[in-house]
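Structure first, commentary second.
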Amino acid sequence: MTMDNETLKNELQDLLGPKGWLDGDGPNDDIEPFITEWRGFWRGSCIGVAKPASTEEVAKIVTLCAQAATPISVIGGNTGLVGGGVPGGGIVLSTARLNTIRSMDPDNLTMTVEAGCILAHIQDTAKQAGMLFPLSMASQGSCQIGGNLSTNAGGVAVLRYGNARDLVLGLEVVLPSGEIWNNLKALRKDNTGYDLKHLFMGAEGTLGIITAAVLKLSPQPLARETALIALPDVEAALKAFTALRGACYDALTAFEIISQSALELVEKHIAGTKGLFTQTHPYYALVELTSTRPMDSLRDILLGCLEPALESGIISDALIAENESQATSFWHIRESIPQAQVLEGPSIKHDISVPISAIPVFMTRAKQAILQIQPDVRIIAFGHMGDGNLHYNLSQPIAMDDHEFRAMWDDFNRIVHDIVMDMDGSFSAEHGIGQLKRRDLARYASPVEIELMRSVKSVLDPQNIMNPGKVIPDPIDKKTRLMP
Ligand SMILES: Cc1cc2nc3c(=O)[nH]c(=O)nc-3n(C[C@H](O)[C@H](O)[C@H](O)COP(=O)(O)OP(=O)(O)OC[C@H]3O[C@@H](n4cnc5c(N)ncnc54)[C@H](O)[C@@H]3O)c2cc1C
């Protein structure tokens, strides 16, 4: 017989005590942060919030929920951008108390951490030990490693170190049955059958709960050069990127593109960011080179690329950071773009990727198609160009009403995503699917791919209790794919 929700709540309260259980019938202020997406775009509901302090407690919670067939939504730092952690009933499981760094092995260059460790804390701990955990993004002061792995986060150092999944050697996962799968191995070679850990990374909490991970560290860079270069067009950005990659290869750690329209918003809304260049340019790129060899003269390598590029007109101007604080101010500009865009008003966002070589063609095609249906829309393009990943965002035309603009959301998404998919790209490069992009997945993924996802889900989670309503399209969404 299935357990009812009242019995489940009592069992969870007994198991977790007052520190570990917030009842959904309790004060709304306590529950609110766990059911509301950080921007307020989505608000869900739940019967209570479980805050386990150990993997064993997670396993017991999941076992009880499986007996009651009650859904579980996991919440980490709640910085996700696709509504993946917002509950639609059932319980919320917060990983905030699973925040221990279990061990570090400097000789093996690994660190074993629990899912609720804040990304910045992991970076700091690695740094204090003379090592680097390279995953890095503007949300790092709030997001948790469990969320990073569950979304396979990207960030600003993918070019050199890869996405979150590339930084993991082993995982510990609580399965939807309540069993613990302990795969906390710190091995760089292990070809013993299917590499199951990759199923859980990028699954956004739909296949199980990541409770701990063995992370791959790198040596701490000892030399760094940061430059902001001005560019006449996107083709030039590609040429500059190719020249830098040719000259530095693995020393090229970041190549972030910023359109003039994006810089304009930052200068307007974020204090202390004005007047870096004496004149405006259509595009800029934030370039970072790093090396673990202190004798490497990154400055010479950088100048060796930038000087001929200036002479030939590939780049129009360049600022090289003379110290740490100037480098930080360049990064501040790049990382303030999303906030500046919020302060400017409504925007429609696209997190896309295409092969790096195809970025100029994508930009031309997308701009033409968008301006054809709304000539006053403001295109705010920026992002991780070195990974082929652009945040291709559209800000509301100045004279347009909010409602009218928001009503065009689906049209703009369709235009941009159709072009991306026609170019063998991705309509979700780093933010995942969550609930925001399920219809896109239904439209663009092949039937074989969707069926494979459904099969994996039904084998691991036959009761569909892990984050239902996220990632995998409902059968009804399947109809979307048949629509013209
Ligand atoms: C200012 C800002 C900048 C950002 N920059 C980037 C960027 O550069 N690159 C990028 O990729 N993203 C970026 N993001 C998005 C976001 O920070 C990442 O997606 C991050 O990885 C989410 O981590 P989180 O702990 O906040 O997860 P949450 O938002 O809490 O959860 C995200 C998803 O993972 C699931 N989940 C969380 N923890 C677990 C777990 N332990 N086990 C199973 N499932 C779990 C949730 O159910 C949900 O579906 C940015 C966000 C902001 C606000």
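Search the range 39-56 for residues being surrounded by 15 or more Cβ atoms within 10 Å (Cβ to Cβ) and of a type outside the set (Gly, Ala, Ser), and hand back the single one that is farthest from Gly85 (Cα to Cα).
Narrowing the range 39-56 to residues surrounded by 15 or more Cβ atoms within 10 Å (Cβ to Cβ): 42, 44, 46-53, 55.
When the remaining residues are screened for being of a type outside the set (Gly, Ala, Ser), the result is 42, 46-47, 49, 51-52, 55.
Working: Trp42: 10, Cys46: 12, Ile47: 15, Val49: 13, Lys51: 15, Pro52: 17, Thr55: 20 Å.
Checked the range 39-56; the qualifying residue farthest from Gly85 (Cα to Cα) is Thr55.
The helices (runs of 4 or more DSSP H) found wholly in the range 92-187 and carrying at least 2 residues that are of a type in the set (S, T, N, Q) occupy 119-128, 145-150. Annotation: of all residues in the range 57-69 being buried (at least 23 other Cβ atoms within 10 Å of the Cβ) and β-branched (Val, Ile, Thr), the one that is farthest from the ligand (Cβ to nearest atom) is Ile61.
Yes or no, residue by residue, for (1) part of a loop (DSSP other than H, G, I, E, B); (2) out of contact with any helix residue (DSSP H, G or I) (no Cβ under 7 Å at 6 or more places or on another chain); (3) closer than 22 Å to Thr151 by Cα:
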{"site": "Asp30", "(1), (2), (3)": "no, yes, no"}
{"site": "Arg39", "(1), (2), (3)": "yes, yes, yes"}
{"site": "Glu56", "(1), (2), (3)": "no, yes, no"}
{"site": "Ala59", "(1), (2), (3)": "no, yes, yes"}
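Restricting attention to the range 73-91, which residues are among the aliphatic types (A, V, I, L, M), outside any loop (DSSP other than H, G, I, E, B) and either more than 6 Å from the ligand (Cβ to nearest atom) or outside the structural domain of Val58 (by TED's automatic domain parsing) (or both)? Hit for the range 73-91 is Ile91, nothing else.
The lone criterion from (1) surrounded by 20 or more Cβ atoms within 10 Å (Cβ to Cβ); (2) more than 20 Å from the chain's Cα centre (by Cα) left unmet by Asp424 is number (1). Reported count of residues in the range 1-34, each being more than 18 Å from Val74 (Cα to Cα) and within 32 Å of the chain's Cα centre (by Cα), is 3. So is Ala340 over 28 Å from Thr151 (Cβ atoms), at pLDDT 95 or above and touching a helix residue (DSSP H, G or I) at 6+ places or on another chain (Cβ under 6 Å) or not? No: the conditions fail for Ala340. Only one entry of Val416, Val448 meets the criterion of being among the β-branched types (Val, Ile, Thr) and either part of a loop (DSSP other than H, G, I, E, B) or surrounded by fewer than 18 Cβ atoms within 10 Å (Cβ to Cβ) (or both), and that entry is Val448.
Criterion applied to Leu199, Leu228 was being part of a strand (DSSP E or B) and out of contact with any Asp or Glu (no Cβ under 7 Å at 6 or more places or on another chain), and the one residue passing it is Leu228. For the range 327-346, does any single residue satisfy the condition of being assigned to a strand (DSSP E or B), under 22 Å from His384 (Cα atoms) and touching a Gly at 6+ places or on another chain (Cβ under 9 Å)? For the range 327-346, residues assigned to a strand (DSSP E or B), under 22 Å from His384 (Cα atoms) and touching a Gly at 6+ places or on another chain (Cβ under 9 Å): absent. When you check Ser316 against the structure, is it more than 16 Å from the ligand (Cβ to nearest atom) and out of contact with any Cys (no Cβ under 6 Å at 6 or more places or on another chain), yes or no? So Ser316 fits the description; yes. Would you mind telling me which numbered condition in (1) within 25 Å of the chain's Cα centre (by Cα); (2) surrounded by 24 or more Cβ atoms within 10 Å (Cβ to Cβ) Arg165 fails? All conditions pass for Arg165, except number (2).
Assigned to a strand (DSSP E or B) and either closer than 17 Å to Thr70 by Cα or touching a residue at least 40 places away in the same chain (Cβ under 8 Å) (or both): which single residue out of Leu22, Leu12 fits that description?
On the way: Leu12 fails: assigned to a strand (DSSP E or B).
The unique qualifying residue is Leu22.
The values are calculated or read from the model by the stated rules, or taken from the named source; none is laboratory data. For clarity, every value in this text was computed on a predicted model and none was experimentally measured. When we count neighbours, we look across all protein chains shown, and the Cβ atoms used for this are built from the backbone with ideal geometry, even at glycine.
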